[in-house]
Amino acid sequence: MSEETPYGINKVKALLVPDTNVSNRKVCIVDTGYDLTHPDLTSDLDVVTGYDGEFSAGPSPWSYDGHGHGTHVAGTIAAIGGNDEGVVGVNRNGQLKLYIVKVFGDSGTWGWKSSLIAAVEECVNANANVISMSLGGGGFSQTESNTYDRILNTDDILLVAAAGNGGNNAPYSYPASYNSVMSVAATDSNDNVAGFSQKNDQVDIAAPGVAVLSTLPNGTYAKWNGTSMACPHVSGIAALIWSHHTTKTAVEIRAALESSATDLGAVGRDDVYGHGLVRADKALEFLNSGFTPDPTQSPTPAPPCTDNPEGWYDIDGSVYNCAWYAQGSNCAVYGDTYASEGITANMACCACGGGSPDGPETSNPTKSPSFGPTPSTKAP
(Lines give C-alpha, C1' and ligand atoms only; values in the text may rest on other atoms or scores of the structure.)
Protein backbone atom coordinates (compact mmCIF):
# COMPACT_ATOMS: atom_id res chain seq x y z
CA MET A 1 0.00 0.00 0.00
CA SER A 2 1.15 3.55 -0.69
CA GLU A 3 1.71 5.74 2.35
CA GLU A 4 -1.39 6.82 4.25
CA THR A 5 -1.73 9.11 7.24
CA PRO A 6 -4.12 7.47 9.75
CA TYR A 7 -6.94 9.75 10.87
CA GLY A 8 -5.66 9.64 14.45
CA ILE A 9 -2.33 11.19 13.51
CA ASN A 10 -4.21 14.09 11.93
CA LYS A 11 -6.63 14.37 14.85
CA VAL A 12 -3.84 14.88 17.37
CA LYS A 13 -1.98 17.24 14.98
CA ALA A 14 1.27 15.29 15.31
CA LEU A 15 2.53 16.38 11.90
CA LEU A 16 2.48 20.03 12.98
CA VAL A 17 5.29 19.34 15.46
CA PRO A 18 8.78 18.72 13.99
CA ASP A 19 10.35 15.43 14.99
CA THR A 20 13.88 16.60 14.26
CA ASN A 21 15.08 16.06 17.82
CA VAL A 22 13.32 12.83 18.80
CA SER A 23 16.55 10.84 18.88
CA ASN A 24 17.06 12.36 22.34
CA ARG A 25 13.99 10.53 23.71
CA LYS A 26 13.28 6.84 24.39
CA VAL A 27 9.88 5.14 24.65
CA CYS A 28 9.63 1.75 26.33
CA ILE A 29 6.80 -0.40 24.93
CA VAL A 30 5.57 -3.13 27.30
CA ASP A 31 3.60 -5.51 25.08
CA THR A 32 3.78 -8.56 22.77
CA GLY A 33 7.06 -7.74 21.05
CA TYR A 34 8.10 -5.88 17.90
CA ASP A 35 8.41 -6.99 14.28
CA LEU A 36 11.98 -5.98 13.51
CA THR A 37 11.51 -6.96 9.85
CA HIS A 38 8.56 -4.66 9.15
CA PRO A 39 9.48 -2.24 6.33
CA ASP A 40 7.62 0.64 8.01
CA LEU A 41 9.38 0.29 11.37
CA THR A 42 13.02 0.95 12.15
CA SER A 43 15.31 -2.08 12.24
CA ASP A 44 18.35 -0.04 13.28
CA LEU A 45 19.62 -1.67 16.48
CA ASP A 46 21.14 1.65 17.51
CA VAL A 47 17.55 2.94 17.65
CA VAL A 48 15.42 -0.01 18.75
CA THR A 49 16.57 -2.50 21.39
CA GLY A 50 14.81 -4.75 23.87
CA TYR A 51 14.99 -6.86 26.98
CA ASP A 52 16.27 -10.37 26.30
CA GLY A 53 16.73 -11.63 29.86
CA GLU A 54 15.28 -14.61 31.65
CA PHE A 55 11.91 -13.04 32.44
CA SER A 56 10.95 -12.28 28.83
CA ALA A 57 7.84 -13.94 27.38
CA GLY A 58 9.25 -16.57 25.07
CA PRO A 59 10.08 -18.60 23.29
CA SER A 60 10.56 -15.92 20.62
CA PRO A 61 12.71 -12.81 21.29
CA TRP A 62 11.56 -9.22 21.77
CA SER A 63 12.24 -8.62 18.07
CA TYR A 64 9.52 -11.07 17.00
CA ASP A 65 5.80 -10.48 17.47
CA GLY A 66 3.64 -13.51 16.83
CA HIS A 67 0.52 -11.72 18.01
CA GLY A 68 0.69 -8.24 16.50
CA HIS A 69 -0.51 -6.07 19.36
CA GLY A 70 2.92 -4.64 20.20
CA THR A 71 3.76 -4.02 16.55
CA HIS A 72 0.47 -2.15 16.09
CA VAL A 73 1.28 0.02 19.10
CA ALA A 74 4.81 0.67 17.81
CA GLY A 75 3.47 1.80 14.44
CA THR A 76 1.30 4.49 16.00
CA ILE A 77 4.25 5.74 18.02
CA ALA A 78 6.93 5.60 15.34
CA ALA A 79 5.98 4.28 11.87
CA ILE A 80 8.38 5.77 9.33
CA GLY A 81 7.07 8.60 7.16
CA GLY A 82 8.09 9.73 3.70
CA ASN A 83 8.99 6.24 2.48
CA ASP A 84 5.92 5.71 0.28
CA GLU A 85 5.12 2.73 2.49
CA GLY A 86 2.17 1.94 4.73
CA VAL A 87 1.40 4.49 7.43
CA VAL A 88 2.85 7.45 9.32
CA GLY A 89 3.39 7.45 13.07
CA VAL A 90 3.41 10.29 15.59
CA ASN A 91 7.22 10.33 15.25
CA ARG A 92 8.10 9.83 11.61
CA ASN A 93 11.84 10.06 11.05
CA GLY A 94 12.80 6.63 12.36
CA GLN A 95 15.08 8.09 15.03
CA LEU A 96 12.95 7.89 18.17
CA LYS A 97 14.63 5.43 20.51
CA LEU A 98 12.48 2.41 21.37
CA TYR A 99 12.95 -0.25 24.03
CA ILE A 100 10.78 -3.36 23.88
CA VAL A 101 9.78 -5.45 26.88
CA LYS A 102 7.86 -8.54 25.83
CA VAL A 103 5.40 -9.56 28.56
CA PHE A 104 2.84 -11.37 26.39
CA GLY A 105 3.64 -14.47 24.34
CA ASP A 106 2.80 -15.05 20.72
CA SER A 107 -0.71 -16.22 21.62
CA GLY A 108 -1.35 -12.95 23.45
CA THR A 109 -1.38 -14.46 26.95
CA TRP A 110 0.80 -13.32 29.83
CA GLY A 111 4.23 -14.91 29.49
CA TRP A 112 6.49 -12.64 31.53
CA LYS A 113 8.06 -14.69 34.29
CA SER A 114 7.61 -12.08 37.01
CA SER A 115 5.35 -9.13 37.87
CA LEU A 116 4.37 -6.20 35.66
CA ILE A 117 6.32 -3.96 38.02
CA ALA A 118 9.45 -5.99 37.26
CA ALA A 119 8.83 -5.42 33.55
CA VAL A 120 8.40 -1.70 34.09
CA GLU A 121 11.63 -1.62 36.10
CA GLU A 122 13.42 -2.94 32.99
CA CYS A 123 12.19 0.19 31.20
CA VAL A 124 13.67 2.26 34.01
CA ASN A 125 16.96 0.36 33.74
CA ALA A 126 16.99 1.08 30.00
CA ASN A 127 16.78 4.84 30.68
CA ALA A 128 13.41 5.27 29.03
CA ASN A 129 11.70 8.67 29.15
CA VAL A 130 8.19 7.33 28.50
CA ILE A 131 6.70 3.93 29.37
CA SER A 132 3.76 2.89 27.18
CA MET A 133 1.48 0.16 28.56
CA SER A 134 -1.42 -0.87 26.32
CA LEU A 135 -2.62 -3.41 28.86
CA GLY A 136 -4.62 -3.55 32.05
CA GLY A 137 -6.65 -5.44 34.61
CA GLY A 138 -6.10 -6.55 38.17
CA GLY A 139 -6.68 -4.31 41.14
CA PHE A 140 -5.11 -1.71 43.40
CA SER A 141 -1.82 -2.53 45.11
CA GLN A 142 -0.20 -0.02 47.46
CA THR A 143 3.23 -1.43 46.61
CA GLU A 144 2.63 -0.92 42.90
CA SER A 145 1.21 2.55 43.52
CA ASN A 146 4.32 3.52 45.49
CA THR A 147 6.56 2.18 42.74
CA TYR A 148 4.80 4.14 40.01
CA ASP A 149 4.99 7.26 42.21
CA ARG A 150 8.75 6.79 42.44
CA ILE A 151 9.14 6.21 38.71
CA LEU A 152 7.26 9.42 37.85
CA ASN A 153 8.60 11.73 40.52
CA THR A 154 12.09 10.43 41.25
CA ASP A 155 13.13 8.55 38.12
CA ASP A 156 11.49 11.26 36.00
CA ILE A 157 9.74 8.88 33.60
CA LEU A 158 6.25 9.47 32.23
CA LEU A 159 3.87 6.50 32.58
CA VAL A 160 1.01 6.05 30.10
CA ALA A 161 -1.54 3.22 30.03
CA ALA A 162 -4.80 2.17 28.40
CA ALA A 163 -7.88 3.11 30.45
CA GLY A 164 -9.47 -0.29 29.76
CA ASN A 165 -12.09 -1.75 27.45
CA GLY A 166 -14.80 -2.63 29.99
CA GLY A 167 -17.24 0.15 29.06
CA ASN A 168 -19.48 2.20 31.31
CA ASN A 169 -19.86 -0.06 34.33
CA ALA A 170 -16.40 -1.56 34.70
CA PRO A 171 -14.42 -0.70 37.85
CA TYR A 172 -10.89 0.69 37.77
CA SER A 173 -8.29 -0.90 35.50
CA TYR A 174 -4.65 -0.94 36.55
CA PRO A 175 -1.99 0.30 36.01
CA ALA A 176 -3.94 3.11 34.29
CA SER A 177 -5.88 4.01 37.44
CA TYR A 178 -2.86 4.66 39.62
CA ASN A 179 -2.43 8.37 40.30
CA SER A 180 1.03 8.47 38.76
CA VAL A 181 -0.03 6.83 35.50
CA MET A 182 -1.83 8.67 32.69
CA SER A 183 -5.06 6.82 31.88
CA VAL A 184 -6.01 7.14 28.20
CA ALA A 185 -9.60 6.87 26.93
CA ALA A 186 -10.48 6.03 23.33
CA THR A 187 -12.34 8.22 20.83
CA ASP A 188 -13.49 7.74 17.24
CA SER A 189 -12.98 9.84 14.12
CA ASN A 190 -15.81 12.14 15.21
CA ASP A 191 -14.28 12.73 18.67
CA ASN A 192 -16.98 10.64 20.35
CA VAL A 193 -15.87 8.37 23.16
CA ALA A 194 -15.83 4.67 22.27
CA GLY A 195 -18.52 2.58 23.91
CA PHE A 196 -15.91 0.16 25.23
CA SER A 197 -13.73 2.88 26.80
CA GLN A 198 -13.82 2.71 30.61
CA LYS A 199 -15.12 5.84 32.30
CA ASN A 200 -14.05 6.82 35.79
CA ASP A 201 -12.40 9.57 37.82
CA GLN A 202 -8.93 8.31 36.95
CA VAL A 203 -9.24 8.98 33.20
CA ASP A 204 -6.72 11.69 32.33
CA ILE A 205 -6.86 12.23 28.59
CA ALA A 206 -8.34 10.86 25.35
CA ALA A 207 -6.91 9.82 21.99
CA PRO A 208 -8.10 8.00 18.85
CA GLY A 209 -8.79 4.34 19.57
CA VAL A 210 -11.44 3.23 17.05
CA ALA A 211 -10.46 1.82 13.64
CA VAL A 212 -6.84 2.88 14.14
CA LEU A 213 -4.71 1.91 11.16
CA SER A 214 -1.20 0.74 12.02
CA THR A 215 1.50 -1.83 11.39
CA LEU A 216 1.19 -5.58 11.91
CA PRO A 217 3.75 -8.38 11.52
CA ASN A 218 4.86 -9.63 8.13
CA GLY A 219 4.68 -6.22 6.51
CA THR A 220 0.92 -5.93 6.90
CA TYR A 221 -1.46 -3.29 8.26
CA ALA A 222 -4.90 -3.29 9.87
CA LYS A 223 -7.42 -1.13 11.70
CA TRP A 224 -7.82 -2.13 15.35
CA ASN A 225 -10.02 -0.87 18.19
CA GLY A 226 -9.21 -0.38 21.86
CA THR A 227 -7.86 1.92 24.49
CA SER A 228 -4.69 0.00 23.65
CA MET A 229 -4.69 1.88 20.36
CA ALA A 230 -5.36 5.23 22.05
CA CYS A 231 -2.50 4.87 24.54
CA PRO A 232 0.39 5.02 22.01
CA HIS A 233 -0.89 8.30 20.55
CA VAL A 234 -0.28 9.89 23.96
CA SER A 235 3.03 8.07 24.52
CA GLY A 236 4.30 9.16 21.13
CA ILE A 237 3.21 12.77 21.58
CA ALA A 238 4.83 12.91 25.01
CA ALA A 239 8.17 11.91 23.49
CA LEU A 240 7.68 14.29 20.55
CA ILE A 241 7.04 17.43 22.59
CA TRP A 242 9.58 16.46 25.27
CA SER A 243 12.26 16.28 22.57
CA HIS A 244 11.88 20.06 22.18
CA HIS A 245 12.13 20.75 25.92
CA THR A 246 14.48 18.20 27.41
CA THR A 247 14.95 20.13 30.66
CA LYS A 248 11.28 19.70 31.55
CA THR A 249 10.33 16.99 34.02
CA ALA A 250 7.91 14.13 33.42
CA VAL A 251 5.41 15.88 35.71
CA GLU A 252 5.69 19.03 33.59
CA ILE A 253 5.21 17.07 30.35
CA ARG A 254 2.09 15.45 31.81
CA ALA A 255 0.78 18.86 32.87
CA ALA A 256 1.38 20.22 29.36
CA LEU A 257 -0.52 17.34 27.74
CA GLU A 258 -3.49 17.67 30.09
CA SER A 259 -3.65 21.46 30.17
CA SER A 260 -3.55 21.81 26.37
CA ALA A 261 -6.01 19.02 25.48
CA THR A 262 -9.12 19.94 23.49
CA ASP A 263 -12.04 19.82 25.91
CA LEU A 264 -14.70 17.27 24.96
CA GLY A 265 -17.91 16.25 26.70
CA ALA A 266 -18.78 18.12 29.89
CA VAL A 267 -16.96 21.40 30.40
CA GLY A 268 -13.61 20.82 32.12
CA ARG A 269 -12.19 17.49 33.17
CA ASP A 270 -14.73 14.66 33.18
CA ASP A 271 -14.78 10.90 33.73
CA VAL A 272 -15.34 10.15 30.04
CA TYR A 273 -12.66 12.11 28.18
CA GLY A 274 -10.48 13.23 31.09
CA HIS A 275 -9.01 16.60 30.19
CA GLY A 276 -9.94 16.04 26.54
CA LEU A 277 -8.35 15.05 23.24
CA VAL A 278 -4.55 15.13 23.28
CA ARG A 279 -3.05 17.71 20.90
CA ALA A 280 0.65 17.67 20.00
CA ASP A 281 0.63 21.20 18.59
CA LYS A 282 -1.14 22.75 21.57
CA ALA A 283 1.05 20.88 24.05
CA LEU A 284 4.18 22.23 22.40
CA GLU A 285 2.72 25.74 22.41
CA PHE A 286 2.01 25.30 26.12
CA LEU A 287 5.61 24.30 26.79
CA ASN A 288 6.91 27.16 24.66
CA SER A 289 4.86 29.65 26.67
CA GLY A 290 6.43 28.71 30.00
CA PHE A 291 4.35 27.49 32.94
CA THR A 292 4.42 26.11 36.48
CA PRO A 293 2.44 22.91 37.15
CA ASP A 294 0.18 22.82 40.21
CA PRO A 295 1.97 20.58 42.72
CA THR A 296 -1.25 19.91 44.63
CA GLN A 297 -3.28 18.68 41.70
CA SER A 298 -3.77 14.93 41.64
CA PRO A 299 -6.46 12.48 40.52
CA THR A 300 -9.04 11.23 42.98
CA PRO A 301 -7.86 8.00 44.63
CA ALA A 302 -9.75 4.76 44.29
CA PRO A 303 -12.49 4.29 46.90
CA PRO A 304 -12.31 1.67 49.67
CA CYS A 305 -13.33 -1.79 48.56
CA THR A 306 -14.62 -5.02 50.15
CA ASP A 307 -14.14 -8.46 48.59
CA ASN A 308 -17.51 -9.76 47.47
CA PRO A 309 -18.40 -12.34 48.60
CA GLU A 310 -16.10 -12.01 51.58
CA GLY A 311 -13.92 -15.08 52.05
CA TRP A 312 -14.23 -16.05 48.35
CA TYR A 313 -11.82 -18.57 46.86
CA ASP A 314 -11.78 -20.20 43.44
CA ILE A 315 -12.86 -23.68 42.37
CA ASP A 316 -9.42 -25.15 43.11
CA GLY A 317 -9.71 -24.56 46.84
CA SER A 318 -9.10 -22.15 49.69
CA VAL A 319 -5.41 -21.64 48.82
CA TYR A 320 -6.54 -19.66 45.77
CA ASN A 321 -8.29 -16.84 47.59
CA CYS A 322 -8.20 -13.08 47.02
CA ALA A 323 -4.90 -12.81 48.88
CA TRP A 324 -3.35 -15.31 46.45
CA TYR A 325 -4.73 -13.43 43.45
CA ALA A 326 -3.26 -10.19 44.81
CA GLN A 327 0.25 -11.58 44.29
CA GLY A 328 2.20 -10.75 41.14
CA SER A 329 0.21 -11.01 37.90
CA ASN A 330 -2.27 -13.66 39.12
CA CYS A 331 -5.28 -11.42 38.54
CA ALA A 332 -4.26 -10.65 34.96
CA VAL A 333 -3.40 -14.25 34.11
CA TYR A 334 -6.07 -16.26 35.97
CA GLY A 335 -8.68 -13.72 37.07
CA ASP A 336 -11.27 -14.59 34.41
CA THR A 337 -11.08 -18.36 34.93
CA TYR A 338 -11.51 -20.88 37.78
CA ALA A 339 -14.92 -19.51 38.75
CA SER A 340 -16.47 -20.73 41.99
CA GLU A 341 -20.28 -20.82 41.84
CA GLY A 342 -20.09 -18.61 38.77
CA ILE A 343 -17.85 -15.96 40.37
CA THR A 344 -14.28 -15.35 39.20
CA ALA A 345 -11.49 -13.51 41.01
CA ASN A 346 -11.97 -10.50 38.74
CA MET A 347 -15.53 -10.30 40.04
CA ALA A 348 -14.91 -11.09 43.71
CA CYS A 349 -11.54 -9.64 44.66
CA CYS A 350 -10.70 -5.99 45.19
CA ALA A 351 -7.11 -6.86 44.28
CA CYS A 352 -8.37 -7.84 40.83
CA GLY A 353 -10.58 -4.80 40.36
CA GLY A 354 -13.74 -6.57 41.55
CA GLY A 355 -15.40 -6.58 44.95
CA SER A 356 -17.66 -3.76 46.05
CA PRO A 357 -16.76 -0.15 46.91
CA ASP A 358 -19.81 0.13 49.19
CA GLY A 359 -19.89 -3.26 50.90
CA PRO A 360 -20.76 -6.77 49.69
CA GLU A 361 -22.88 -6.90 46.55
CA THR A 362 -22.58 -8.35 43.07
CA SER A 363 -19.74 -6.85 41.00
CA ASN A 364 -18.67 -7.05 37.36
CA PRO A 365 -15.36 -8.38 36.01
CA THR A 366 -12.80 -5.77 34.99
CA LYS A 367 -10.01 -7.46 33.07
CA SER A 368 -9.13 -5.41 30.00
CA PRO A 369 -7.90 -5.69 27.39
CA SER A 370 -7.98 -9.40 26.58
CA PHE A 371 -5.26 -10.68 24.26
CA GLY A 372 -6.36 -14.30 23.97
CA PRO A 373 -7.36 -17.41 25.92
CA THR A 374 -6.27 -17.66 29.55
CA PRO A 375 -4.06 -20.56 30.68
CA SER A 376 -5.67 -23.80 31.87
CA THR A 377 -3.27 -24.43 34.73
CA LYS A 378 -1.81 -22.35 37.55
CA ALA A 379 0.80 -22.72 40.26
CA PRO A 380 0.21 -21.96 43.95
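The values are calculated or read from the model by the stated rules, or taken from the named source; none is laboratory data. The structure displayed is predicted, hence computed values, not measured ones. In this analysis, Cβ positions are derived from the backbone assuming ideal geometry, glycine residues included, and neighbour counts consider all displayed protein chains. The area values use the complete protein model at the heavy-atom level, side chains included, leaving out ligands, DNA and RNA. Shrake-Rupley method; radii C 1.70, N 1.55, O 1.52, S 1.80 Å.
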*What accessible surface, in Å², does a 1.4 Å probe find on Y334, ignoring ligands, DNA and RNA and rounding to the nearest 10?*
30
*Gain in span if fully extended, L45 to T246, counting 0.36 nm per residue against the direct Cα distance*: 70.0 nm
*Farthest toward positive dipole pole in region 59-127 [+1 Lys/Arg, -1 Asp/Glu at C-beta], among A126, G111, P61*: A126
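For the chain, report the translational diffusion coefficient in µm²/s to the nearest whole number, using Stokes-Einstein at 4 °C, 1.567 mPa s, and a Kirkwood Rh over Cα pairs.
Numbers: Rh = 20.3 Å.
Using the Kirkwood radius from Cα pairs, D works out to 64 µm²/s.
Considering only DSSP beta bridges whose two residues both sit in the chain, what percent are antiparallel, to the nearest 5? Display every interim value, and only then the final one.
Details: 13 of 42 bridges.
Looking only at bridges with both residues in the chain, the antiparallel portion is about 30 percent.
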*Per residue, what accessible area does the chain have, given a 1.4 Å probe and all protein chains present, in Å²?*
37
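Summing -39500 (n - 2.57) over the DSSP H runs of n ≥ 4 in the chain and dividing by its residue number, what mean residue ellipticity at 222 nm do you reach, to the nearest 500 deg cm²/dmol? If you can, show how the numbers build up before the last one.
Working: 10 runs with 87 residues, N = 380.
Here the helix-only value at 222 nm equals -6500 deg cm²/dmol.
Counting only C-alpha contacts under 8 Å and six or more residues apart, can you give the relative contact order of the chain as a whole percent?
On the way: 1035 pairs, mean separation 70.4, N = 380.
For the chain, the relative contact order is 19 percent.
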*Would you list, by chain and number, the aspartates and glutamates whose Cα falls below 18 Å from the Cα of K113, excluding same-chain residues fewer than 8 positions away?*
D31, D52, E54, D65, E121, E122, E144
*Which entries of K102/K282; K13/K97; K13/K199; K13/K223 show an alpha-carbon separation above 27 angstrom in the structure shown?*
K102/K282
